Amino acid sequence: MIKVENLRVNYGSIEAVRGISFDVPDGGISTLIGANGAGKSTTLKAICGLIKPASGEILFNGESIGGKDTVAIVSKGISLVPEGRKIFADLTVLENLKIGAYLRKDSLKDDIDWVYSLFPRLEERHWQLGGTLSGGEQQMLAVGRALMSRPKLLMMDEPSLGLAPLIVSDIFSIIKEINSKGVTILLVEQNANMALKTADVGYVMETGEITLSGSGQSLLENDAVRAAYLGT
Amino acid sequence: MIQNLTTEMFIQSVANAISVGSLYAMVAIGYTMVYGILRLINFAHSDIFMMSMYFVFYLITIFALPWPIAFIAAVLATGVLGIVVEAAAYRPLREAPRISVLISSIGVSYLMENFGVVVFSGIQKQFPPVPAFQSVVVIGSIYFQKLSLYMPVVTAISVVGLLYLIDKTKIGMAMRATSKDYETAKLMGININTVISTTFAIGSMLACVGAIMWGLKYPKIEPYVGIMPGLKCFIAAVIGGIGNIKGAVVGAYLLGFMEIMIVLFIPALSSYKDAFAFIMLIAILLLRPAGILGEKKADKV
């Protein structure tokens with residue numbers, strides 16, 4: 001679905017991403033794991049056009065999208081759940097969902113019902129302002145909002161950040177459920193354990209480069225990964 | 001100090017205060033909307049106000065259009081002017097520090113004033129009279145222009161319409177989202193340039209409505225005519241809480257009432273009328289810097 005070739009991204013003179021290449025296969029769950037500052041979020045931002053790559057290719061279903069405008073990229077079927085959730089605090093829960101479908105002109109009812117069935121809490125609170133939700137509820141809303149555009153590829157930046165362990169496992173089981181509906185997923189995580197257990201394909205990023213890749217299971221069993229990210 | 005203050009004088013002043021407040025509200029909304037979305041104090045707004053008065057003047061005197069058509073055409077032309085100013089002077093600075101945009105707006109302001117002096121000449125012109133608004137109504141012993149009755153109605157309709165647009169429509173939702181977070185708004189597929197252009201068009205069109213009210217009430221036009229109403233309406237927006245549309249309306253009426261009532265009750269101060277706005281600005285900045293309905297921060301820490 002996504003093919004990244006030799007992608008480089010700079011912030012001024014800082015090289016955040018140094019020529020990485022990876023594939024996100026159709027219909028699967030892929031994950032990028034790594035420590036803070038490894039360049040994971042930057043990679044996601046480059047894919048959705050929030051940062052212009054310095055060089056390299058980003059292909060979405062064979063079409064080059066590197067350096068295109070965010071609105072154009074989003075309209076092709078890519079959706080990002082941003083780090084820190086970025087809920088619109090002054091919009092109601094329902095408005096947050098509707099704005100996720102901003103580019104669509106058809107009926108949203110089925111999609112809203114689907115999001116409510118994934119996250120019943122959002123239905124209970126649909127009239128509340130987004131800013132009044134708890135962290136876990138905001139994460140649910142951020143995922144629901146991203147689904148409203150009916151993405152082919154859903155990218156999630158640290159969905160487990162700052163959430164209680166029980167809620168984290170809820171979020172991961174919902175990621176699998178969303179994937180089972182045919183949405184390809186690219187997950188960026190510091191929670192390597194949960195991410196690798198969930199993912200079909202994993203990539204390990206360190207200081208702007210991909211140092212290891214393989215199936216989620218093989219990375220879970222890799223000694224270097226265990227030592228560096230799993231603490232065992 | 002208060003001599004011969006009659007009920008008639010008081011009622012007349014209330015009517016006057018309401019009409020001045022209605023006028024201020026139309027212009028103050030433009031300041032507050034632009035601030036809300038760009039965090040920019042748009043110094044060019046007072047000159048957009050001025051330009052719109054000239055639009056009305058030329059449409060009626062040179063193109064000889066009847067006033068209803070001229071007013072509508074002027075409102076539309078001012079909306080276009082707002083879009084052009086934004087696209088030419090602010091959009092190229094979208095990624096620049098906020099101070100650069102502020103300086104650009106001061107530049108646009110001087111540009112339009114001097115354009116006015118060169119093209120329209122600095123000589124005062126007479127705003128075309130419209131007897132339908134300017135004829136005097138007498139109720140008992142109270143005299144006022146019909147305008148004073150129409151102005152609050154026009155303002156009320158405009159404000160209700162604007163609040164509906166912002167609270168209930170898709171573009172309004174996009175405006176609220178864009179005003180909080182450009183990056184996330186883009187991720188939703190919102191074209192933020194379109195949203196910002198729309199904001200400028202609406203703010204400028206309302207300024208034109210305010211300018212028409214001003215011209216009918218004080219029928220003199222010159223290239224610097226926008227400065228004082230512009231400053232006062234900016235102050236009204238700050239008093240109400242800049243960024244908040246209802247606040248701008250509240251601030252505008254409060255300022256209108258203060259100005260008129262102080263002159264009514266303390267006539268000796270009438271020559272300092274224009275200074276009250278600035279005194280109120282200082283007072284509000286000292287006592288309640290966020291303004292009466294100042295934006296509350298719902299952000300989680």
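The values are calculated or read from the model by the stated rules, or taken from the named source; none is laboratory data. Quick caveat: nothing in here was measured; it's all calculated off a predicted structure. Reconstructed Cβ throughout: ideal geometry from the backbone, glycine too, with neighbour counts over all protein chains shown. These accessible areas exclude ligands, DNA and RNA; they are computed on the full protein's heavy atoms, side chains included. Shrake-Rupley method; radii C 1.70, N 1.55, O 1.52, S 1.80 Å.
Using a 1.4 angstrom probe on the protein heavy atoms only, could you order A:Glu189, A:Glu221 from most to least accessible area?
Details: A:Glu189 0, A:Glu221 115 Å².
Largest to smallest exposure gives the sequence A:Glu221, A:Glu189.
With the Cα gyration tensor of the range B:23-225 giving a ≥ b ≥ c as the square roots of its eigenvalues, does the rule (a/c under 1.5 for rounded; else a/b larger than b/c for prolate; else oblate) give rounded, prolate or oblate?
Numbers: a/c = 2.39, a/b = 1.49, b/c = 1.61.
Because a/c hits 1.5 or more and a/b fails to exceed b/c, the range B:23-225 counts as oblate.
Using θ = phi - 60° and the Karplus curve 6.51 cos²θ - 1.76 cosθ + 1.60, what whole-Hz ³J(HN,Hα) does each residue of the range B:49-61 get, with Gly and Pro shown as x?
Working through the residues one at a time gives 4, 4, 4, 5, 5, 5, 4, 4, 4, 6, 4, 7, 7 Hz.
Counting only other chains, and only Cβ atoms inside 10 Å, what mean value do you get across the residues of B:186-199?
Working: counts 9, 20, 16, 14, 6, 6, 2, 1, 1, 0, 0, 0, 0, 0.
Mean shielding count: 5.
If you find the alpha carbon centre of the range B:129-204 and of the range B:12-86, how far apart are they in angstrom?
Here the two parts' Cα centres lie 11 Å apart.
Going by average Cβ density within 10 Å per residue, which order do the peptides A:69-75, A:224-230, B:59-65 take, highest to lowest?
Numbers: A:69-75: 18.4, A:224-230: 15.9, B:59-65: 14.0.
Packing order, densest peptide first, comes out as A:69-75, A:224-230, B:59-65.
How high is the relative contact order of the range A:146-232, in percent, with contacts defined as C-alpha pairs under 8 Å that are six or more residues apart?
Working: 87 pairs, mean separation 20.5, N = 87.
Averaging sequence separation for qualifying contacts and normalising by length gives 24 percent for the range A:146-232.
When only DSSP loop residues count, what GluC sites (Glu not before Pro) in the range B:1-106 have their Cβ near at most 13 other Cβ atoms within 10 Å?
Details: sites: B:Glu8, B:Glu86, B:Glu95; in loops: B:Glu95.
Passing both the DSSP loop test and the Cβ count: B:Glu95.
Quote the charge dipole size of chain B about the Cα centre in Debye, to the nearest 20; the model charges only the Cβ of Lys and Arg (+1) and of Asp and Glu (-1).
Working: 20 positive and 13 negative charges, 111 e Å.
Taking the Cα centre of chain B as origin, the dipole is about 540 debye.
How high is the relative contact order of chain B, in percent, with contacts defined as C-alpha pairs under 8 Å that are six or more residues apart?
On the way: 456 pairs, mean separation 106.1, N = 301.
Answer for chain B is 35 percent.
If I compute solvent accessible area with a 1.4 Å probe over the protein chains, what percent of it on the protein assembly as shown is carbon and sulfur?
Details: 14390 of 23090 Å².
The nonpolar share, carbon plus sulfur, comes to 62 percent.
How about the range B:1-107: which trypsin sites (Lys or Arg not before Pro) there lie in a loop by DSSP and see at most 15 other Cβ atoms within 10 Å?
On the way: sites: B:Arg39, B:Arg94, B:Arg98; in loops: B:Arg39, B:Arg94.
For trypsin sites (Lys or Arg not before Pro) across the range B:1-107 that sit outside H, G, I, E and B with at most 15 neighbouring Cβ atoms in 10 Å, the list reads B:Arg39, B:Arg94.
Would you please state which residues of the range B:225-257 a label at B:Ile62 would reach in this model, taking the label point 7 Å out along Cα→Cβ and a backbone N cut-off of under 19 Å?
What the label zone holds, given the 19 Å backbone N cut-off, is B:225.
I'd like to compare A:128-135, B:203-210, B:242-249, B:179-186: which one has the highest average count of other Cβ atoms within 10 Å, and what's the full order after that?
Numbers: A:128-135: 17.4, B:203-210: 28.2, B:242-249: 24.0, B:179-186: 20.1.
With the highest mean Cβ count within 10 Å placed first, the list reads B:203-210, B:242-249, B:179-186, A:128-135.
For peptide B:172-181, what's the mean number of Cβ atoms from other chains within 10 Å of each residue's Cβ? Before the final figure, lay out the partial values.
Numbers: counts 0, 8, 2, 0, 5, 7, 1, 2, 7, 5.
What the average comes to for B:172-181 is 4.
Please identify every one of the trypsin sites (Lys or Arg not before Pro) in the range A:132-204 that sits in a loop by DSSP and has no more than 15 other beta carbons within 10 Å of its own beta carbon. Could the numbers behind the result be given before it?
Values: sites: A:Arg145, A:Lys152, A:Lys176, A:Lys181, A:Lys197; in loops: A:Lys152, A:Lys181.
Of the trypsin sites (Lys or Arg not before Pro), the ones in loops of the range A:132-204 whose Cβ has at most 15 other Cβ atoms within 10 Å are A:Lys181.
Across the Cα atoms of the range A:2-230, what radius of gyration and what greatest pairwise Cα-Cα distance (Dmax) are found, in Å?
Spelled out, the Cα radius of gyration and Dmax of the range A:2-230 are 17.0, 50 Å.
Which whole number gives the average count of other chain Cβ atoms within 10 Å of the Cβ atoms across peptide A:69-79? Numbers along the way, then the final one.
Values: counts 2, 10, 10, 2, 3, 5, 1, 0, 0, 1, 3.
Mean number of neighbouring Cβ atoms from other chains: 3.
Over 27 Å between Cα atoms: which of A:Lys3/A:Lys98; B:Lys180/B:Lys273; A:Lys68/A:Lys109; A:Lys68/B:Lys246; A:Lys68/A:Lys176; A:Lys86/A:Lys109 fall into that group?
Details: A:Lys3/A:Lys98 30 Å; B:Lys180/B:Lys273 37 Å; A:Lys68/A:Lys109 31 Å; A:Lys68/B:Lys246 38 Å; A:Lys68/A:Lys176 30 Å; A:Lys86/A:Lys109 24 Å.
The answer is A:Lys3/A:Lys98; B:Lys180/B:Lys273; A:Lys68/A:Lys109; A:Lys68/B:Lys246; A:Lys68/A:Lys176.
Name the shape class, rounded, prolate or oblate, that the alpha-carbon gyration tensor gives for the range A:120-183, where a ≥ b ≥ c are the square roots of its eigenvalues, rounded holds for a/c under 1.5, and otherwise prolate holds if a/b is larger than b/c and oblate otherwise.
Working: a/c = 1.82, a/b = 1.26, b/c = 1.45.
Judged from the Cα gyration tensor, the range A:120-183 comes out oblate (a/c at least 1.5, b/c at or above a/b).
Report the local net charge at A:Gly208: Lys and Arg +1, Asp and Glu -1, summed over other residues whose C-beta lies under 9 Å from its C-beta.
Around A:Gly208, the surrounding residues sum to -1.
Over the range A:86-129, calculate the relative contact order: mean separation of alpha carbon pairs under 8 Å at least 6 apart, over the residue count, as a percent.
Values: 22 pairs, mean separation 26.6, N = 44.
Once divided by the residue count of the range A:86-129, the mean separation gives 60 percent.
Any chance you could list the semi-axes, whole Å, largest first, of the equivalent ellipsoid that the Cα gyration tensor gives for the protein assembly as shown, using √(5λ)?
Values: eigenvalues 619, 112, 79 Å².
After scaling each eigenvalue by five and taking roots: 56, 24, 20 Å.
At the nearest 100 Å², what buried accessible area, both sides summed, do you get for B and A when the probe is 1.4 Å?
2100
So what's the net charge close to A:Gly12: Lys and Arg +1, Asp and Glu -1, counting the other residues with Cβ under 14 Å from its Cβ? The partial results should precede the final answer.
Details: positive: A:Arg8, A:Lys52; negative: A:Glu15, B:Glu95.
My count for the surroundings of A:Gly12 gives 0.
If I model a spin label at B:Lys168 and B:Ile227 as a point 7 Å from the Cα along the Cα→Cβ vector, what separation in nanometres do I get?
Here the modelled spin labels are 4.3 nm apart.
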